[in-house]
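The values are calculated or read from the model by the stated rules, or taken from the named source; none is laboratory data. What you see is a predicted model; the values in this text were computed from it and never measured. Methodologically, a virtual Cβ is constructed for each residue, glycine included, from the backbone with ideal geometry; neighbour enumeration extends over all protein chains shown. Only protein heavy atoms, including side chains, enter the accessible area calculation; ligands, DNA and RNA are left aside. Shrake-Rupley method; radii C 1.70, N 1.55, O 1.52, S 1.80 Å.
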Amino acid sequence: MSLSKVSTEEARRLLLAGQGLAQARWSLEGILDQLGFVQLDSINAVARAQELTLHARLPNYRHESLFELLPKRRAFEHWTHDASMLPAASWPYWSERFRQRGERILRSNWWRERMGSKFEQMRSHVLQRLEQEGPLQSKDFASEHKSAGGWWNWKPEKAALEYLWLSGQISIVKRRNFQKYYDLSSRFLGEPAAHAPQDWIDWACRGALERLGVATPGEIAAYWALVSSAEARDWCRGQLQVRDNAGRAAVAVPDWRERAASVKVPRKVRLLAPFDPIVRDRARALRLFDFDYRFEAFVPAAQRTHGYYTLPILDGAELVGRVTPKRQGKELSVLSVHWEKPPGTARLRRYGEALERLASFLSLSTTHSSVESID
């Protein structure tokens, strides 16, 4: 029996809806639940990636308010494919991640070198101080360790903190100026309870498919980076089999036709973060939107095509270009904007409105050149 094929337009609409871009109104907690996680990043060329991701979906989002969810115990920080903020409801399913990361660290010579020969004593010392004094920052732990400097030359106390956090024994309970404060997980969201493998695998795969609409097993596994490709393939055998827009074997949500037909994407321009869920999977962005996006912050300046920190331009259901804005004093200026095809007057107007919204969010004004068409 031949499998139904999900068209490019249908797959695109399913993805936009699953990633919170087809509904006009969300609360902060609502959009975090819908996305499943928001990737965190420290680069602050315009605004940090998590701020841009939320600003694109929440017109009234307040700067840095994502981190207000931590002390309210409505979210937690940990790793998906990268450092992320997740809704508190996901906490019980992260026990397997904690177990895996903890075991991997203890087998690692790299980690052992940084934790030092008295690791067990250091781990107990850090836990005891947090129990008595927490929440604390890394800098609150003095050290006799003399570092040669550099990103990975951690003092043993810092290595112990990272191990305890990655293994789920402590949590990041608040941030101030993007700086982390740690405390015992038992005082935060509780000790993570283990689930049977079939439960957390089903939760992870089902949640990924709900947010993607149609996906291959590899894409499902990559969504949280919580299950293996083999586990995702086994799970997919019990789901609705389809062909994706590239003709590959895939699975889809049971009502994919009805969902795709009902999606109404607002005709407005959103400026997306470089790590926005729509473009994080570069191959999917190319397949669904015919948009070849590359993050060039780590590319030597002379080899960049578009810019250091370039934001994809989403107009309705289309990725139509990319812009490189920059904060300059009290203004938001544009270093470059590149369109996939020449924009019309209406698109330029929507683009200008998006720049104004971003500038307002950052408490900046825009320069005149911000709305010019640069090819």
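Say we look at the stretch 181-207 and pick out the residues that are touching a strand residue (DSSP E or B) at 6+ places or on another chain (Cβ under 9 Å) and in contact (Cβ under 8 Å) with a residue 60 or more places away in the chain; which of these is farthest from GLU133 (Cα to Cα)?
Ranking the candidates gives LEU189 first.
For the stretch 340-362, what are the residues that are small (Gly, Ala, Ser) and either touching a residue at least 60 places away in the same chain (Cβ under 8 Å) or open to solvent by less than 20 Å² (accessible area, probe 1.4 Å) (or both)? Explain how you work it out, then say what you get.
Residues of the stretch 340-362 small (Gly, Ala, Ser): 344, 346, 352, 354, 359-360.
Selection gives GLY352, ALA354, ALA359.
So the check is Cβ under 6 Å with 6+ separation or different chains; which pairs have a first residue in the stretch 211-231 that's closer than 18 Å to TRP200 by Cβ and a second one that's crowded, with 24+ Cβ neighbours inside 10 Å and among the β-branched types (Val, Ile, Thr)?
Hits for this filter: ALA221/VAL227.
State whether one or more residues within the stretch 208-216 are open to solvent by 50 Å² or more (accessible area, probe 1.4 Å), within 18 Å of LEU86 (Cα to Cα) and at pLDDT 95 or above.
Of all residues in the stretch 208-216, those open to solvent by 50 Å² or more (accessible area, probe 1.4 Å) come to 210.
Now narrow it down to the ones that are within 18 Å of LEU86 (Cα to Cα): 210.
Subset that is at pLDDT 95 or above: 210.
Within the stretch 208-216 (the criterion being open to solvent by 50 Å² or more (accessible area, probe 1.4 Å), within 18 Å of LEU86 (Cα to Cα) and at pLDDT 95 or above), the answer is yes, since at least one residue qualifies.
Within the stretch 327-342, how many residues are of a type in the set (A, V, I, L, M, F, W, C) and at positive phi? Walk me through it before giving the result.
As a first pass, look at the stretch 327-342 and keep what is of a type in the set (A, V, I, L, M, F, W, C): 332, 334-335, 337, 339.
From the residues that got through so far, the ones that are at positive phi too are none.
Final tally of qualifying residues: 0.
Of all residues being open to solvent by less than 60 Å² (accessible area, probe 1.4 Å) and among the charged types (D, E, K, R) in the stretch 25-50, which is farthest from THR80 (Cα to Cα)? Just the residue, please. It would help to see each step written out before you state the result.
Initial filter on the stretch 25-50 (open to solvent by less than 60 Å² (accessible area, probe 1.4 Å)): 28, 30-32, 34-41, 43, 45-50.
Still in the list and also among the charged types (D, E, K, R): 41, 48.
On the way: ASP41: 13, ARG48: 18 Å.
Result: ARG48.
Could you tell me whether the stretch 327-339 includes any residue that is charged (D, E, K, R), over 20 Å from the mean Cα position of the chain (by Cα) and open to solvent by less than 10 Å² (accessible area, probe 1.4 Å)? Can you show your working first?
Filtering the stretch 327-339 for residues charged (D, E, K, R) gives 327, 330-331.
Filter once more, so that each one left must be over 20 Å from the mean Cα position of the chain (by Cα): 327, 330-331.
From the residues that got through so far, the ones that are open to solvent by less than 10 Å² (accessible area, probe 1.4 Å) too are none.
No, the stretch 327-339 contains no residue that is charged (D, E, K, R), over 20 Å from the mean Cα position of the chain (by Cα) and open to solvent by less than 10 Å² (accessible area, probe 1.4 Å).
Can you find even one residue in the stretch 16-24 that is modelled with pLDDT under 95 and surrounded by 15 or more Cβ atoms within 10 Å (Cβ to Cβ)?
Of the residues in the stretch 16-24, the ones modelled with pLDDT under 95 are 22-24.
Still in the running and surrounded by 15 or more Cβ atoms within 10 Å (Cβ to Cβ): 22-23.
Within the stretch 16-24 (the criterion being modelled with pLDDT under 95 and surrounded by 15 or more Cβ atoms within 10 Å (Cβ to Cβ)), the answer is yes, since at least one residue qualifies.
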